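Note sheet for the following structure.
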Amino acid sequence: MWLPHGGSASDGGSECRLLYSRLEDDDPPVKVTLERLPESRVQLDIEVDKERLDRSLDEAYKRLARKARIPGFRPGKAPRSIIERHYGREGMIREAIEDLVPRAYNEALEAEDIEAIDQPHLEILQLEPVQFKATVAVRPTIELNDYRSVRLDPPHMEVTDEMLAEQLLGLAPATG
């Protein structure tokens, strides 16, 4: 357990763990650091391997090539170097990140067994290798105290003949 500035978990300190997970069996591991924040939130610092980024860049090239209108080439037939020159390296990476980041985020949630209850706040820290931070709200941990020892005595109410007669008179017109 990692606690900042000598704090303890009971006084709101955060817990930080390092995890390696995979999106697919043949994918290299994704490096994930989990930090528990106050107010039922967690922060995931995720780093995606260059090999996985390269695969996503290949997929991004195919998507961009299909929709790019480049003079002299039919849609989907422009070579990668032309597509990369047209969109720029950063544009290609941004297109790859559109698919890569959500997959890596979902894999990190699954690997850490985190149930997010809201959409994450994502912040891209670095493009090569891809590093991003996701902060998301999670279900709070609720600890119940010993509630079995608490006893509640029902209030005692005394019914008089006058109270009974009054209620019967109120019911008489309704029954006819």
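Against the numbered list (1) within 15 Å of Glu107 (Cβ to Cβ); (2) at pLDDT 90 or above, Val30 comes up short only at (2). Among the residues of this structure, Ala78 counts as one that is part of a loop (DSSP other than H, G, I, E, B) and among the small types (Gly, Ala, Ser). Mind listing just one residue for me: the one in region 108-129 that is in a loop (DSSP other than H, G, I, E, B) and modelled with pLDDT of 85 or more and, of those, surrounded by the fewest Cβ atoms within 10 Å (Cβ to Cβ)? Going through the qualifying residues, I end up with Asp113. For region 71-93, the count of residues that are under 21 Å from Leu34 (Cβ atoms) and of a type in the set (Lys, Arg) is zero. Quick check: is even one residue across region 134-141 within 30 Å of Ile93 (Cα to Cα), polar (S, T, N, Q) and either over 13 Å from the mean Cα position of the chain (by Cα) or surrounded by 10 or more Cβ atoms within 10 Å (Cβ to Cβ) (or both)? Checking region 134-141: at least one residue is within 30 Å of Ile93 (Cα to Cα), polar (S, T, N, Q) and either over 13 Å from the mean Cα position of the chain (by Cα) or surrounded by 10 or more Cβ atoms within 10 Å (Cβ to Cβ) (or both). Going by the structure shown, is Met157 aliphatic (A, V, I, L, M), assigned to a helix (DSSP H, G or I) and either surrounded by 10 or more Cβ atoms within 10 Å (Cβ to Cβ) or over 13 Å from the mean Cα position of the chain (by Cα) (or both)? No; evaluated as a whole, the condition is false for this residue.
Scanning region 91-107 for residues that are out of contact with any helix residue (DSSP H, G or I) (no Cβ under 7 Å at 6 or more places or on another chain) and either surrounded by fewer than 16 Cβ atoms within 10 Å (Cβ to Cβ) or of a type in the set (Ser, Thr, Tyr) (or both) gives Gly91, Arg94, Glu98, Pro102, Tyr105, Asn106. Being touching a helix residue (DSSP H, G or I) at 6+ places or on another chain (Cβ under 6 Å), at positive phi and exposed (fewer than 15 other Cβ atoms within 10 Å of the Cβ) holds for only one residue in Gly72, Gly76, and it is Gly76.
Quick grid of which residues meet (1) touching a strand residue (DSSP E or B) at 6+ places or on another chain (Cβ under 6 Å); (2) surrounded by fewer than 12 Cβ atoms within 10 Å (Cβ to Cβ); (3) modelled with pLDDT under 85:
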{"site": "Glu35", "(1), (2), (3)": "yes, no, no"}
{"site": "Arg52", "(1), (2), (3)": "no, no, no"}
{"site": "Leu64", "(1), (2), (3)": "no, no, no"}
{"site": "Ser81", "(1), (2), (3)": "no, yes, no"}
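Only residues that are of a type in the set (A, V, I, L, M) and in contact (Cβ under 8 Å) with a residue 40 or more places away in the chain: list them for region 126-143, please. Correct list: Val130, Ala134, Val136, Ala137, Val138. Taking region 44-69 as the range and being of a type in the set (Lys, Arg), under 16 Å from Glu98 (Cα atoms) and either touching a helix residue (DSSP H, G or I) at 6+ places or on another chain (Cβ under 9 Å) or not in a helix (DSSP H, G or I) (or both) as the test, the residues that pass are Arg52, Arg55, Arg63.
The values are calculated or read from the model by the stated rules, or taken from the named source; none is laboratory data. Nothing here was measured: the structure is a model prediction, and the numbers come from that model. Positions of Cβ are backbone-derived with ideal geometry, glycine not excepted, and every protein chain shown enters the neighbour counts.
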